[in-house]
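Trainee: Here's a structure for you.
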Amino acid sequence: MKYLRINMSHLHYKEDDVPTDRLLLGGRALTSQLIYEEVPATCHPLGPLNKIVLANGVLTGSLASSAERTSIGAKSPLTGGIKESNAGGIAGLKMGRLGYRAIIFEGLRDDFQIVIIDKDSVRFEPADEILGLRASEAAQKLMARFGDQVSINLIGVSGEMKMNTAAVTNLDKDGSPTRFYGRGGMGAVWGSKGIKAVIIDDTGAERNKPRNRERFMDGMKNYALALREHPGTSKVYPELGTAAMVRTTNHLGALPTRNFSTGSFEHYESISGEKMRETILERGGEGSTTHACMPGCAIRCSNIYPDEEGKTVTTPIEYENIGLLGSNLGIGDLDQVVELNRLCNELCIDTIETGAALGVAMQAGIAEFGDFEAAKNMLLDLEKGNPLGRIIGGGATLVGKIYGERRVPAVKGQAMPAYEPRGIKGLGVTFATTPQGADHTAGQTIRAQVDHRSPEGQVEISYNAQHVAIVVDSLGVCFMASGPIFTKDNIKHIANLVSGYIGQDVSEEDIRAMARKCLQTEHAFNRDAGFTKAQDRLPEYMYLETNEAADTRFDVKDEELDKIGVTAAH
Amino acid sequence: MVSQPLINIRIQSHIPWKSDYPPVIQVEDNTTIRTFCEQIGIEWDVEALVFLNNQIAHESQILQDNDQVLLMIPVVGG
Ligand code: SF4
């Protein structure tokens, strides 16, 4: 197992072996550790001292179900703190086959390059031919040039313009460039280093083999059983995808509506997972209600959304996108939500940050809530790099500052995902205190069978959930599998799986300790970057104004938040 | 043995594969929400997010006549 270091200033590369005491560091735990060790916390995120790391999870490459995820980590231009964002797709599998645990990009350049990594070398070619193109067209050209068996990581026009909303994407198993490392402006950091695309070609590389096959297979058997037995992974996700959440959050008063002003939307049924399933089945053609983003995923939470003729519009339509581009903008027409989602994918921008930025713009009177055409035009402005497009591309916090709007649903500069935190206070605690900025994948609490509107006990629930998130994000396991993994004592089977794969004895406690250390490291980076408890708060209006649908304000006490935030001794 | 009086519980399910319930189910007085769920084939805290009268239910809550139980899909979003 190796680390590959690529200096983009000089177009040099070198390889190092992964130290054996670091084999249990993958995904988020690895990106955060490397950024903490190698990046000055006070550096400019788009400057030469920042680095960006593409890291495989510990299990990525093993072909365990839903465990082929990769993380991208850097200092974020959006939050100014440490950031990790992860995706499914096929990059991890290819990287794993080439024997790389991580690729660390350093330096800075003004032009754009395609970086081609294969089993023998790393090459660089000018990217001029694909600059300015939409993601699907750029990916087609790259596949025509490098073949359709490679993985492609790519930024869009947003990353070329180094916008805060810029994401990095990679191909799903069917060649669609729609698996995003969405959050935190990671695409802008790629852009600052002159990386337009990274091609990973594993031709001729050997398949990865577990070091201890017997132990690995034993872990696999039990892990597969856990996925099959859990209703979330065996029934909910394959049938309805994450959009199954719409009814639940609406009922909890937590479906963000009209710039997070309330938590239930009068048209929620028309953008629900059930409605989406019905539409896809009715239209048929290329549409599919279930789809796997990577080979071997048994959960298949994704989908392919077709138009009325049955032709693919885009994939996948997720709960977060429906919440941010639908109810949050007062848009209750699924086809319109999907069209905004498609455009975000083509421009490689984070749907969450972009939906929130459009919501703040609507709140500020730039357009009416519910005005689909206006929302679409703002995205087209973003593509062209017009002044309004640049502002939207700067993210929700920037839009609020420029238009003098105080109701901005963001923490540490990063927009909230589709959970109104007054309706689910545990998630409010996560948004406030995670080093990652407002991010549901940093500590999801909605599944807890507790009163989500009560402030009591939420800090503890969030703190535990924050560790669960780090475990899955570091192992490379999809967040959708976290339910079964942390049900009963299934984590011990995961420890077995990891032990068998890397050939070291790894206990359940080792995995939990890795997560604790990662969280401490991320907070330490943010402290060094100047973060204080002032950043560990929700926006003021959520403390002062009632979310009518949930009939509550955010009232978890500051002292409680501070027990687990940036200034806490963990 | 004296049997407990029965109470009526209204039930609504948004879970497609757990939706085959009559609108009203009778249970013995003093039944907890958790026991009720187990009686209708729902594994507590695994198979459903359970609401009692529009609030998330706590497992030890005792059901009252005419209470409304709502079953929602248990997922973590994405
Ligand atoms: S559950 Fe969904 S997001 Fe996760 S690996 Fe499978 S298809 Fe991809």
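The values are calculated or read from the model by the stated rules, or taken from the named source; none is laboratory data. Quick caveat, the model's predicted, so the values are computed rather than measured. Positions of Cβ are backbone-derived with ideal geometry, glycine not excepted, and every protein chain shown enters the neighbour counts.
Trainee: Determine which member of the set A:Ser66, A:Ser85 is assigned to a loop (DSSP other than H, G, I, E, B), small (Gly, Ala, Ser) and under 21 Å from A:Phe479 (Cα atoms). Working first, answer last.
Mentor: On the way: A:Ser85 fails: assigned to a loop (DSSP other than H, G, I, E, B).
One residue alone meets the criteria, A:Ser66.
Trainee: What single numbered condition from (1) within 22 Å of A:Gly194 (Cα to Cα); (2) within 16 Å of the ligand (Cβ to nearest atom); (3) among the hydrophobic types (A, V, I, L, M, F, W, C) fails to hold for A:Val122?
Mentor: (2)
Trainee: Pick out the one residue from A:Glu278, A:Glu274 that is at the interface with chain B (Cβ under 9 Å from one of its Cβ atoms) and assigned to a helix (DSSP H, G or I). Show your work before the answer.
Mentor: Details: A:Glu278 fails: at the interface with chain B (Cβ under 9 Å from one of its Cβ atoms).
Checking each option against the conditions leaves just A:Glu274.
Trainee: Answer with yes or no whether A:Ile271 is aliphatic (A, V, I, L, M), more than 12 Å from A:Ser327 (Cα to Cα), more than 15 Å from the ligand (Cβ to nearest atom) and touching a residue at least 12 places away in the same chain (Cβ under 8 Å). Explain how you work it out, then say what you get.
Mentor: Values: aliphatic (A, V, I, L, M): yes; more than 12 Å from A:Ser327 (Cα to Cα): no; more than 15 Å from the ligand (Cβ to nearest atom): yes; touching a residue at least 12 places away in the same chain (Cβ under 8 Å): yes.
So A:Ile271 does not fit the description; no.
Trainee: Now for a different question. Does any residue of region B:56-66 turn out to be within 12 Å of chain A (Cβ to nearest Cβ), modelled with pLDDT of 95 or more and not in a loop (DSSP other than H, G, I, E, B)?
Mentor: no
Trainee: Is it the case, given these coordinates, that A:Thr31 is at pLDDT 95 or above, within 16 Å of the ligand (Cβ to nearest atom), crowded, with 20+ Cβ neighbours inside 10 Å and under 21 Å from A:Ala167 (Cα atoms)?
Mentor: Numbers: at pLDDT 95 or above: yes; within 16 Å of the ligand (Cβ to nearest atom): no; crowded, with 20+ Cβ neighbours inside 10 Å: yes; under 21 Å from A:Ala167 (Cα atoms): yes.
When the stated conditions are applied, A:Thr31 does not pass them.
Trainee: Residue pairs, Cβ under 6 Å, 6 or more apart or interchain, first in region A:336-365 and surrounded by fewer than 24 Cβ atoms within 10 Å (Cβ to Cβ), second among the basic types (Lys, Arg). List them.
Mentor: Pairs that qualify, where the first residue is surrounded by fewer than 24 Cβ atoms within 10 Å (Cβ to Cβ) and the partner is among the basic types (Lys, Arg), are A:Glu346/A:Arg134; A:Gln363/A:Arg407.
Trainee: A follow-up question, please. Do the conditions hold for A:Gly395, that is, is it surrounded by fewer than 24 Cβ atoms within 10 Å (Cβ to Cβ), touching a helix residue (DSSP H, G or I) at 6+ places or on another chain (Cβ under 8 Å) and not aromatic (Phe, Trp, Tyr)? Explain how you work it out, then say what you get.
Mentor: Values: surrounded by fewer than 24 Cβ atoms within 10 Å (Cβ to Cβ): no; touching a helix residue (DSSP H, G or I) at 6+ places or on another chain (Cβ under 8 Å): yes; not aromatic (Phe, Trp, Tyr): yes.
When the stated conditions are applied, A:Gly395 does not pass them.
Trainee: Another one. It is to be established whether one or more residues within region A:390-411 are in a loop (DSSP other than H, G, I, E, B), under 22 Å from A:Thr79 (Cα atoms) and among the basic types (Lys, Arg).
Mentor: Yes, region A:390-411 has at least one match.
Trainee: Then there is this: Would you be able to tell me the number of residues in region A:230-264 that are outside any loop (DSSP other than H, G, I, E, B) and within 16 Å of the ligand (Cβ to nearest atom)?
Mentor: Step one: of region A:230-264, the residues outside any loop (DSSP other than H, G, I, E, B) are A:231-252, A:257, A:262.
Filter once more, so that each one left must be within 16 Å of the ligand (Cβ to nearest atom): A:231-245.
Within region A:230-264, residues that are outside any loop (DSSP other than H, G, I, E, B) and within 16 Å of the ligand (Cβ to nearest atom) number 15.
Trainee: Filter region A:71-102 down to the residues that are within 13 Å of the ligand (Cβ to nearest atom) and within 16 Å of A:Asp201 (Cα to Cα), then identify the one that is surrounded by the most Cβ atoms within 10 Å (Cβ to Cβ). Full working, then the answer.
Mentor: Of the residues in region A:71-102, the ones within 13 Å of the ligand (Cβ to nearest atom) are A:86-93.
Imposing the further condition that a residue be within 16 Å of A:Asp201 (Cα to Cα) reduces the set to A:89-93.
Details: A:Gly89: 26, A:Ile90: 25, A:Ala91: 30, A:Gly92: 32, A:Leu93: 23.
Among them, the one singled out is A:Gly92.
Trainee: Another question about this same structure. Can you name the residue in region A:463-482 that is of a type in the set (Gly, Ala, Ser) and more than 11 Å from the ligand (Cβ to nearest atom) and, of all such residues, is farthest from the other protein chains (Cβ to nearest Cβ)?
Mentor: The qualifying residue farthest from the other protein chains (Cβ to nearest Cβ) is A:Ser474.
Trainee: Conditions: (1) crowded, with 17+ Cβ neighbours inside 10 Å; (2) more than 14 Å from every other protein chain (Cβ to nearest Cβ); (3) among the hydrophobic types (A, V, I, L, M, F, W, C). A:Met217 meets all but one. Number of the miss?
Mentor: With respect to (1) crowded, with 17+ Cβ neighbours inside 10 Å; (2) more than 14 Å from every other protein chain (Cβ to nearest Cβ); (3) among the hydrophobic types (A, V, I, L, M, F, W, C), A:Met217 is out only on (1).
Trainee: Just the residues that are buried (at least 20 other Cβ atoms within 10 Å of the Cβ), away from every other protein chain (no Cβ under 14 Å) and away from the ligand (no atom under 12 Å from the Cβ), please, taken from region A:283-326.
Mentor: A:Gly287, A:Tyr305, A:Pro306, A:Thr314, A:Leu325, A:Gly326
Trainee: So, A:Leu171, is that one buried (at least 20 other Cβ atoms within 10 Å of the Cβ) and without any contact (Cβ under 8 Å) to a residue 60 or more places away in the chain or not?
Mentor: On the way: buried (at least 20 other Cβ atoms within 10 Å of the Cβ): yes; without any contact (Cβ under 8 Å) to a residue 60 or more places away in the chain: no.
Answer is no for this residue.
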